[in-house]
Amino acid sequence: MHKLRNRLGPLRVLDAVHRGGGVGRAAELLHITPSAVSHQLRRLETELGVRLVHKSGRDIGFTTAGTELAIQAAQLFDQLESVFAKAGEAGANPRIRVKVIPSFAIKWLMPRLGSLYAQHDNIDIEVATVARADDTDLHNADFVVRRGNGNWPGLRADLLFPDELVLACAPSLAKRLRKPEDVLGETLLNSMIAPDCWDRWLLSIGLASNSDTRFISLANAVLCLQAAAEGLGIAVTQRVYITQDFATGQLVQPLAHSARSGDGYYLVSDPARAATLPFSTFANWMIGQK
């Protein structure tokens, strides 16, 4: 065992020469001189009693034995790198990767995230946004928030809140809306992430847009709500997104009607992963939010 430990240095040099393609490049990788590289190679050959390299022009080439040893040494160093990486992960805060649409991230998740960190300061959240509310792809993610009926075979789906669309606009504009038909005479702010929301709300109250209906399309519901607050038109969005805006009076709900589809927004995950720490802690926290 002690002989192996003494040979780790020369083996590291052999690996660097093989990866770098020569003594000069190995010296750069290891931050030592070319003569030190050559010395370590000769030392390894002496200890093993076998030729590993031979002169090849201005540099060196590998013998069959040298090539085989260099390849196997590289594999062992890769395994050691993996061991060190896992050891580092064990000492770090667990990172939970979540994919959501931008509106959910800004209007629902961010206002609540402080309570998660207050309760579980050993958990880190990495939030990425997706372009579709029906995306359940768990590639590079531990959780996805998706709109739908919750029936996705092979996946765990926990309901966060029901799908309920309401209208929101500035108080000054709301004064002009006395009945549902009045909506069609105003500018309707449409989210490009959920372009069917207006059709769904209008259909639920027995109306439909026509050629005279003016729409302005914006990237997501957050921009629609900001535009509505500026008096540019009427937004339609999830009720849970605008609770705070209604409370402050920045936005108002001009008509009491809401469109309920029977679907909901679900926290989607792999069942096996969601049952283990710290993922179960995060899932339980998400489900418990109101």
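The values are calculated or read from the model by the stated rules, or taken from the named source; none is laboratory data. As the structure is a prediction and not an experimental result, all values here were calculated from the model. Neighbour counts run over all protein chains shown; Cβ positions are idealised from the backbone, glycine included. Protein only, heavy atoms only, side chains kept; ligands, DNA and RNA dropped before computing areas. Shrake-Rupley method; radii C 1.70, N 1.55, O 1.52, S 1.80 Å.
Filtered by the rule that a residue be assigned to a loop (DSSP other than H, G, I, E, B) and under 16 Å from the mean Cα position of the chain (by Cα), region 267-290 gives a lone residue, ASP270. Mind listing whichever residues of region 138-173 are outside any loop (DSSP other than H, G, I, E, B) and not hydrophobic (A, V, I, L, M, F, W, C)? Within region 138-173, ARG146, ARG147, GLY148, ARG156, ASP158, PRO162, ASP163, GLU164, PRO171, SER172 meet the criteria. Could you list, in sequence order, the residues of region 182-198 that are charged (D, E, K, R), surrounded by fewer than 16 Cβ atoms within 10 Å (Cβ to Cβ) and modelled with pLDDT of 95 or more? Residue satisfying the conditions is ASP182 alone.
Listed here are the residues, each with its yes/no results for (1) touching a strand residue (DSSP E or B) at 6+ places or on another chain (Cβ under 9 Å); (2) among the β-branched types (Val, Ile, Thr); (3) touching a residue at least 40 places away in the same chain (Cβ under 8 Å).
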| position | (1), (2), (3) |
| --- | --- |
| ALA174 | yes, no, yes |
| TRP198 | yes, no, no |
| GLY206 | no, no, no |
| LEU225 | yes, no, yes |
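Okay, residues lined up against (1) modelled with pLDDT under 90; (2) within 15 Å of the chain's Cα centre (by Cα); (3) among the β-branched types (Val, Ile, Thr); (4) surrounded by 15 or more Cβ atoms within 10 Å (Cβ to Cβ):
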residue	(1), (2), (3), (4)
LEU76	yes, no, no, no
LYS99	no, yes, no, yes
GLY114	no, no, no, no
ASP134	yes, no, no, no
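For ALA259, the requirement of being open to solvent by less than 30 Å² (accessible area, probe 1.4 Å) and either modelled with pLDDT under 95 or touching a Cys at 6+ places or on another chain (Cβ under 8 Å) (or both) is not met.
The combined condition, being under 22 Å from ARG176 (Cβ atoms), of a type in the set (Phe, Trp, Tyr) and in a helix (DSSP H, G or I), is fulfilled by PHE246. Taking region 1-59 as the range and being within 41 Å of the chain's Cα centre (by Cα), surrounded by fewer than 17 Cβ atoms within 10 Å (Cβ to Cβ) and at pLDDT below 85 as the test, the residues that pass are LEU8, GLY9, ARG19, GLY20, GLY21, ARG25, GLU28, LEU29, HIS31. Of all the numbered requirements in (1) assigned to a strand (DSSP E or B); (2) buried (at least 20 other Cβ atoms within 10 Å of the Cβ), GLY264 misses one, and that requirement is (2).
Of everything in region 78-93 that is assigned to a helix (DSSP H, G or I) and among the polar types (S, T, N, Q), the residue that is modelled with the lowest pLDDT is SER82. Only one entry of HIS120, HIS139 meets the criterion of being without any contact (Cβ under 8 Å) to a residue 24 or more places away in the chain and surrounded by fewer than 19 Cβ atoms within 10 Å (Cβ to Cβ), and that entry is HIS139.
Number of residues in region 196-213 that are farther than 13 Å from LEU165 by Cα and of a type outside the set (Asp, Glu): the value is 7. Of all the listed residues (ARG273, ARG239), the sole one being in contact with a Phe, Trp or Tyr (Cβ under 7 Å, 6 or more places away or on another chain) and either among the basic types (Lys, Arg) or open to solvent by 60 Å² or more (accessible area, probe 1.4 Å) (or both) is ARG273.
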